[in-house]
Structure formats: structure tokens, C-alpha cells
1. What list of ³J(HN,Hα) values in whole Hz, one per residue of the stretch 20-25 in order, does the Karplus curve 6.51 cos²θ - 1.76 cosθ + 1.60 (θ = phi - 60°) give from phi, with Gly and Pro shown as x?
2. Quick one: grab the alpha carbon gyration tensor of the stretch 6-81, order the square roots of its eigenvalues as a ≥ b ≥ c, and give me rounded if a/c is under 1.5, else prolate or oblate depending on whether a/b is larger than b/c.
3. Convert each backbone phi in the stretch 64-69 into a coupling constant with the Karplus relation 6.51 cos²θ - 1.76 cosθ + 1.60 (shift: θ = phi - 60°), then list the ³J(HN,Hα) values in order as whole Hz, x for Gly and Pro.
4. Give me the one-decimal nm value for the distance between modelled label points at LYS63 and LEU20, 7 Å along each residue's Cα-to-Cβ direction.
5. Is the C-alpha gyration tensor of the stretch 8-50 telling us rounded, prolate or oblate? Criteria: a/c under 1.5 is rounded; beyond that, a/b larger than b/c is prolate, otherwise oblate.
Amino acid sequence: MDHLQAGGVKWMMYWIIFALFTTAETFTDIFLCWFPFYYELKIAFVAWLLSPYTKGSSLLYRKFVHPTLSSKEKEIDDCLVQAKDRSYDALVHFGKRGLNVAATAAVMAASKGQGALSERLRSFSMQDLSTIRGDGAPAPSGPPAPGPGRASGKHGQPKMSRSASESAGSSGTA
């Protein structure tokens, strides 16, 4: 187990140094790319960092990074605590706002749209659905003509209103 931890620490030191190298490389490439053998030196540096014989990443980490992190440990911990508190406060704030928006939307939908769903469902008659399928011409603009689903009364007047005839027609036919 100690061997695995030592290997993990070695790789942690390498990746921290490599991240710092990559960050520095972003800026140094702009100014030093004209330097002879610049890219070859970068490759040699990365090989030196990785080599188990030179232990370059361990050397740089122990000499520069660890002392810097140790001296700033209290400040880093304070920043982490502040970030944690701020993130919790932000989460609570945006969570409350999100719930308020959702609740408002639900109340508005319920108050404005109570009849909207039933009206939308009533707007589709069997005749409307048959024209959507492409059975014929567009639906007439006047009152519906008597048909199989719309029985006439004694004097040629429609027996029921449109919504009543639909509910009666749908309950009587399968």
C-alpha cells in the first residue's frame, strides 16, 4: 500500500509541475519560439520531469511548489471556506428564485388555463379528424350538416350543441 501511495504522490507532483509548465508555455511560446532548439529543449524538459532517474518533477515540487503552498496554507483554506459559503448561498438564492418562478408559472397556468385544455379537446370533432387524415374538402364554415354523428330533430334543427353531440356520439359509437 505504501508503494501505491508513493507512486500516487510521484504522479501528483508530476501533474502539478506539468500543469504549471503548460501554463507558462502558453506565454513563453509567443516570445521564445524563434529561439534555436526551443522545441527540442521543451521535449527534453518534459523527459527530465518524467524520468525516474532524475526525478525532475519531485525536485521542482519539493523545492518550489511545496514551500509556497505551505506558506499560503491558511490563506488557501480561508478562500476555500469562503467559496464554499458563497456557493451554498448562491445555490439557496437561485433555488428559491427557481421555485418561485415555477410556482408562479403553475398558478398562472392553473388560473388562466382551466378551461383552455377542455376547449382545446372539444375543438376536435370526428369531422375535423377525418379532414386531417385527408378524406375530403376542408370543413364547412357554417353550422355542421346533419350526418351520421349528428342526428336532426323533428323540425330539421340540430338536436344538440356541438360539444354535447360529440360526447353523445363518442359514447354511442365504438
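1. Going residue by residue, I get 5, 4, 5, 5, 5, 4 Hz, with x marking Gly and Pro.
2. oblate
3. Listing the rounded values in order: 10, 6, 4, x, 5, 5 Hz.
4. Here the answer is 1.1 nm between the modelled labels.
5. In terms of gyration-tensor shape, oblate.
None of the figures in this text is laboratory data; all of them are computed from the coordinates on show. Nothing here was measured: the structure is a model prediction, and the numbers come from that model. Glycine also receives a Cβ, built like all others from the backbone with ideal geometry; neighbour counts cover every protein chain displayed.
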